[in-house]
1. In region 93-146, which residues are aliphatic (A, V, I, L, M) and not in a strand (DSSP E or B)?
2. What's the total number of residues in region 107-141 that are crowded, with 18+ Cβ neighbours inside 10 Å and among the charged types (D, E, K, R)?
3. Given the conditions (1) touching a Lys or Arg at 6+ places or on another chain (Cβ under 7 Å); (2) part of a loop (DSSP other than H, G, I, E, B); (3) not aliphatic (A, V, I, L, M), report the number of the one that S59 does not fulfil.
4. Can you give me the number of residues within region 97-146 that are closer than 17 Å to D74 by Cα and out of contact with any Lys or Arg (no Cβ under 6 Å at 6 or more places or on another chain)?
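Nothing in this text is a laboratory measurement; each read-out follows from the coordinates by a stated rule. As the structure is a computational prediction, the values presented were derived from the model and not from experiment. Heads up, the Cβs are rebuilt from the backbone with ideal geometry, glycines too, and the neighbour counts pull from every protein chain shown.
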Amino acid sequence: MKKKKIVKKKKTVKKTVKKTKKRAAPSKKKLKKSVKKKPIVKSKPKKSVKKPVKTAPPSYIPAANEVSLGEVEDYFGHIGVIALTLKDKLNLGESIHVRGHTTDITQKINSMQIDRAAIQNAKKGDSVGIKIEGKCRKGDKVFRLD
């Protein structure tokens, strides 16, 4: 008896590309059916809560012996000088009070100038520079002490 040779055939593998179908967007009818309706719950009306109103801090009220001279128009920190236009007369040697948000300085006037020229007294409406011993801000109030 002769033995038969069994020859196995190699199978060729074919790659198949699956064609994917684009899904159509669900119709409006289907969307409406799929949305579940939530039960209506009646809620109590919210109570209105009044928020506190922010108010500006009270402005400085000058003392009885203080006369307003104006407010600081500019402050030169490197030389320690305030610039202001006077609302009243001012003499060298008088005391002034500078009052602001972070400022509270009381001192005698030792140096006062108009256009870099030293002066002894200034009248209403003059723009003067006064040497001050502390830091000031634009907008600080200046008073003369009587």
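1. I109, I119, I132
2. Matching residues across region 107-141 total 2.
3. With (1) touching a Lys or Arg at 6+ places or on another chain (Cβ under 7 Å); (2) part of a loop (DSSP other than H, G, I, E, B); (3) not aliphatic (A, V, I, L, M) applied to S59, the lone miss is (1).
4. Going through region 97-146 one residue at a time, the tally reaches 30.
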